[in-house]
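Each remark here refers to the structure printed beneath this line.
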Amino acid sequence: MKLIIQGGNTLRGNVRIGGAKNAALVLIAASAIAGGEVILDNVPRISDVEIQLEIVQALGGRAEWQGQGRVLLSWPDKLDVAVPYQLAKKLRASNLFLGALAARIGHARVPLPGGCDIGFRPMDLHLKGLSAMGFEVELEHGFINAKARELRGARIYLDFPSVGATENIMMAAVGVPGTTIVENAAKEPEIVDLASFLGGVGATIRGAGTDLIKIEGTRTAGAFGSGRGSRFSVIPDRIEAGTYMIAAAAVGAEVTIENVISQHLQPVIAKLQDVGMEVAVGEDSLTVRRSGPLRATDIKTLPYPGFPTDLQSPMMALLCLVQGTSVISENVFENRFRVAEELKRMGAQIRVKGHSAVIEGPTRLLGAQVKATDLRAGAALIVAGLAGEGETEICHAELIERGYEKVAEKFCALGGRIKYVD
Ligand code: UD1
């Protein structure tokens, strides 16, 4: 699948942001713990979500769309413990069934996960957490096999505030007797959303959003989920919102981004202001306006509330266009500069050395044939294509569909010229 973009149009108008991919993916897995029917609202209809729902069905659960953004999930008493490799290899978030199944039935078999090719993504912290709580964890034939043995609450220090490890440990801990404490936990808004969801179905979790999270578990794994149903609305996607903000900056536009929690976007707002953008914060919207020339800035990606690694690539595309030298330091994933080679095909001047990229601007980006090397690289190429001159053809555009709902439609509604072709 390809995306074809005719560059040079300014963007103007309003765009509505969907539910957060990374929150929806973990909540779909966590629904296994809830017991009873779960209705999730504000779920983005993107391919990663569709795969996560297929995994629910493969495990014996029910997952169906019930209109715009609403998904109904329910789980039988007896479920399968093994996530099929054919589905797991397609997305890393399949690993989130590890914690969910461990809590629900005390046993999970999850393939070492797939996902975006953005570097080596180990699972050691997830496994360390489950082992500390008394799960016997083994790697066998490409699967992680976690089985309840002598479960007890534990104190777990994460060497890095991993989002996935924090989520898996939180979910598993719900089914482990005693208090589990996660230190140096991830603080991302998606973690807070998971804690709110689990709280809504009867779990006791304190401290989500700080680096110390306490989970009070139930007596035995599998005892959780007493059949209480629940209904929950997923938070807005801060990465989708940030992508439209960055695109507006690159193209020289005035765009209002609706359905956002502006607090989640503070690091992005601050950086866009650094480069010279005006950002007006409304109640649940943001207006981004460019009224003068933009200047270079430096970016360091960090766990939340630092600048998100998922917006590093779109930001790189923007920094090609501004006056001066910018330096990006990537501190979360080691292989996230592959988009630089694609941007160079459009004329960008970027030097990558280890974890840093030096971008010299301004560059006149010229449309070219380029390749989405991963989801966020694809988003960066859209930004570059919209701001560049002439036609840009992005191949492997199906990767963009993993995380952006109706991206061509939304940019077209703002005045961009962009379409999918098979
Ligand atoms: C999640 C997000 C992803 C985002 C990332 C960082 C989901 C579905 N995906 O991915 O979009 O880019 O957070 O914000 O929510 N690490 C280890 N050992 C582990 C686990 C992680 O060393 O056991 C390292 C990773 O290699 C990486 C860093 O920790 O360098 C961050 O990874 P992590 O926060 O776990 O990212 P994900 O949960 O995979």
What number does the range 26-65 give for Rg over Rh if you use C-alpha atoms and the Kirkwood radius?
0.91
Any residue on another chain or 5+ positions along whose placed amide H is under 5 Å from the amide H of Gly388 is listed here as Gly8
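Rounded to the nearest 20 Debye, what is the dipole magnitude of the range 253-347 about its Cα centre when Lys and Arg each give +1 and Asp and Glu each give -1 at the C-beta? Don't jump to the answer; show the numbers that get you there.
Working: 9 positive and 12 negative charges, 78 e Å.
The dipole magnitude comes to about 380 debye.
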Give or take rounding to whole Å, what are the principal axis extents of the alpha carbon atoms in the range 282-334, in descending order?
35, 32, 13
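In debye, nearest 20, what is the charge dipole magnitude of the range 21-233 about its Cα centre with +1 on Lys and Arg Cβ and -1 on Asp and Glu Cβ, if you could check? Before the final figure, lay out the partial values.
On the way: 22 positive and 22 negative charges, 67 e Å.
Rounded to the nearest 20 debye, it is 320 debye.
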Extreme residue, positive dipole direction of the range 34-122, given options Gln57, Ala102, Leu72 (C-beta unit charges)
Ala102
Quick check: the distance between the Cα centres of the range 305-328 and the range 226-271, to the nearest angstrom?
17 Å
At q = 0.08, 0.15, 0.16 Å⁻¹, what log₁₀ I(q)/I(0) does a Debye calculation on the Cα points of the range 21-233 give, no solvent, two decimals?
-0.22, -0.85, -0.98
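Please give the length that would be gained between Cys412 and Lys353 if that part of the chain were fully extended, namely 0.36 nm times their separation in residues minus their C-alpha to C-alpha distance (nm, one decimal).
17.6 nm
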Can you tell me the relative contact order of the range 21-233? Whole percent, Cα pairs under 8 Å, sequence separation 6 or more.
23 percent
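What list do you get for Glu401, Glu183 if you sort them by fewest beta carbons within 10 Å? Could the numbers behind the result be given before it?
Numbers: Glu401 21, Glu183 12.
Ascending number of Cβ neighbours within 10 Å: Glu183, Glu401.
Rounded if a/c is under 1.5, else prolate if a/b is larger than b/c, else oblate: which is the range 1-42, with a ≥ b ≥ c the root eigenvalues of its Cα gyration tensor?
On the way: a/c = 4.91, a/b = 2.64, b/c = 1.86.
Prolate is the answer for the range 1-42, as a/c is 1.5 or above and a/b outweighs b/c.
Give, in whole angstrom and from largest to smallest, the semi-axes √(5λ) of the equivalent ellipsoid of the range 1-90, with λ running over the eigenvalues of the Cα gyration tensor. Walk me through the numbers on the way to the answer.
Values: eigenvalues 197, 55, 17 Å².
Three semi-axes, in Å: 31, 17, 9.
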Give me the dipole magnitude in Debye, nearest 20, for the chain about the Cα centre, with unit charges on the beta carbon: positive for Lys and Arg, negative for Asp and Glu.
120 debye
Over all directions, the average projected area of the alpha-carbon convex hull for the chain comes to how many nm²?
18.1 nm²
Distance from the Cα centre of the range 127-162 to that of the range 40-56, in angstrom?
26 Å
Taking the inverse of the average 1/r across all pairs of different Cα atoms in the range 170-302, what Kirkwood radius in Å do you get?
17.2 Å
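Rule-based calculations on the coordinates, nothing more; no lab input. Small disclaimer: the values here were computed from a predicted structure and weren't measured. Methodologically, a virtual Cβ is constructed for each residue, glycine included, from the backbone with ideal geometry; neighbour enumeration extends over all protein chains shown.
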